[in-house]
Each structure stands twice: as structure tokens, then as C-alpha cells.
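Data first, discussion second: the structure below is written as C-alpha cells.
The values are calculated or read from the model by the stated rules, or taken from the named source; none is laboratory data. This is a predicted model, so every value here is computed, not measured. Please note: Cβ atoms are built from the backbone with ideal geometry, for glycine as well, and neighbour counts cover all protein chains shown.
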Amino acid sequence: MDARQDFYLAALAQCPGLGSRRLGQLLQTGLDAVSLWQMPALEMSRLVKMPQGLVSTIDAFRRDHPDMPEALADICEQRGVHLCTMQDEDYPYLLKEIFSPPPVLYCRGTLMPKERRVAIVGSRRLSPYGEALALEFGEQLAAAGLTVVSGAARGIDTRSHRGALKTGRTVAVLGCGIDVAYPAENRRLLAQIAESGAVISEYAPGVQPLPAFFPARNRIISGLSEGTLVVEAAARSGSLITAELALSEGRE
């Protein structure tokens, strides 16, 4: 997909309620992103069944943001961000296999579509034992040639990334805009990850973290990876949700 198409697709992905699954279905019709952006929403709803309320929302969103594709292109250029769509060669092939792959990934750094990856996740409130294990697993797995994937959160995620940076590559998947450091103290860590690996997000620059974004983020962490390692986690936690997502997709 050419760069112009990429940013029209990214703009469509911003439409409230459209979602990655419906957007994926629209793309399967064979129409390009520019045509879909310009198409009357009622006609779009005939291609993919949509509630009338969603049709009205899409119409209003495009009327209110007619220049969004160009604005996204400008802000990505200014902030050193590039787009990766499912039609691009560098889109990770494992991620395409999940139930609802993100149509667009914003990326800082370099995505390697066929590299072997393993996810490491765990508690934000880590124990000293968990901290040591996360660092060790991150370092040893990266040294063995695997790319370590995690969510750049406090605790186990941060230690996993730091361990991997000592010996190889790591990928951070954000639950906020690609240019937003969350937590703020990981700004430098994210810059280091982007230098040798990749920082990715399905959310546009400037989007602030919301609780609903993190379960969606977790499907990307597990979807990128052949397997998911949970170092330590509470009985009801995002880390175990990530493990359940991995199992549902037939991963280790």
C-alpha cells in the first residue's frame, strides 16, 4: 500500500466504533482506503452490516475531520513515526493470524516480520524474585536469538525489556499513542528500544492511555509472539488475560 493509502486507512481506524474487525472486513471487499474514506457511510454499511447509529457516527466523524489523513501524515513525519499496514511486507505475519489484527500499526524503530518472538508479561508490583527472573529471561531469550515482546509497563514488563536490551532485540507494544511515554519514567527506555528494536501501537500520536486500551494492547503482545511467558501475576490481571489470548490463538 502506498503512503497516501496508509494515512487514509489510519484515519478510518480513528472512527469511533468502527473497530479493527469491521475495518478489516471493509478492506476485504477490495476497495482501497481512499475510496472507503470518501464513500457515503450508508453505502459502506451495505458492504459490512452496521447499526444505523454507527453509520451516523462515521458520517459525523469524517465531516468533523476532513483533513485527518493529511494531518496524520504530517505529525508522523515530524515525530519520526512510520505506518505499517496489513498490506505491507513488514507487517508481522504471525499477527495477521489473530482474530482481530490491527489494520494499522504506528512504529518507531524497525519491524522484522519473520523474526521469532516470545512475550514476557507480569505484575506491575513485582517481587525481588520476579524482578530477577524477568531480567534473566529477557537477557537469555534475546541472547538465544528471540525478540522479547512486552508492554513497557512498570514492573515485569520494564525488567524484561531491560534484560533483552543487554543481548538483543525487544519490541514494546503501547496502550496509548506511539509518541506517549506511559509510564513517564520509561521515556528513555522506549527511546532505547526504538534504536535497536521497535516501539509499536495501534493508537495514533497523542492518544492518551485509557483502561479499555490495555486489553486490546494485550492481544497484540500475544499475537506477535510464538509463546507468552508470565513471570508472576495476580489471579485477576492483564497478564493472565494476555496468556488466555495466547492460548485462544493456539500459541504456547
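Can you confirm whether the range 105-115 contains a residue that is acidic (Asp, Glu) and either part of a loop (DSSP other than H, G, I, E, B) or surrounded by 15 or more Cβ atoms within 10 Å (Cβ to Cβ) (or both)?
The answer is yes, given that some residue of the range 105-115 is acidic (Asp, Glu) and either part of a loop (DSSP other than H, G, I, E, B) or surrounded by 15 or more Cβ atoms within 10 Å (Cβ to Cβ) (or both).
For every residue, the table says whether it meets (1) buried (at least 21 other Cβ atoms within 10 Å of the Cβ); (2) part of a helix (DSSP H, G or I).
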position: Gln140; (1), (2): no, yes
position: Pro205; (1), (2): no, no
position: Ala216; (1), (2): no, yes
position: Ser222; (1), (2): yes, yes
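If you take the residues in the range 148-168 that are of a type in the set (Val, Ile, Thr) and buried (at least 21 other Cβ atoms within 10 Å of the Cβ), which one is nearest to Leu189 (Cα to Cα)?
Taking the candidates together, the pick is Thr158.
Within the range 238-248, is there a residue that is at pLDDT 95 or above and either among the small types (Gly, Ala, Ser) or part of a helix (DSSP H, G or I) (or both)?
Looking for residues that are at pLDDT 95 or above and either among the small types (Gly, Ala, Ser) or part of a helix (DSSP H, G or I) (or both), one finds none in the range 238-248, hence no.
Give the residues of the range 209-252 that are under 16 Å from Gly122 (Cβ atoms) and without any contact (Cβ under 8 Å) to a residue 12 or more places away in the chain, sorted by residue number.
Ala235, Arg236, Leu240, Glu244
How many residues does the range 45-95 contain that are under 21 Å from Arg108 (Cβ atoms) and either of a type in the set (A, V, I, L, M) or in contact with a His (Cβ under 6 Å, 6 or more places away or on another chain) (or both)?
10
Output yes when any residue across the range 38-51 is closer than 11 Å to Ala11 by Cα, of a type in the set (Val, Ile, Thr) and assigned by TED's automatic domain parsing to the domain that holds Gln14, and no when none is.
There is no residue in the range 38-51 that is closer than 11 Å to Ala11 by Cα, of a type in the set (Val, Ile, Thr) and assigned by TED's automatic domain parsing to the domain that holds Gln14.
List every residue pair whose Cβ atoms lie under 6 Å apart, where the two residues are 6 or more positions apart in sequence or sit on different chains, the first residue falls within the range 157-183 and is within 23 Å of Val118 (Cβ to Cβ), and the second residue, located anywhere, is basic (Lys, Arg).
Listed by first residue and then by second, the contacts come to Val173/Arg217; Gly175/Arg217.
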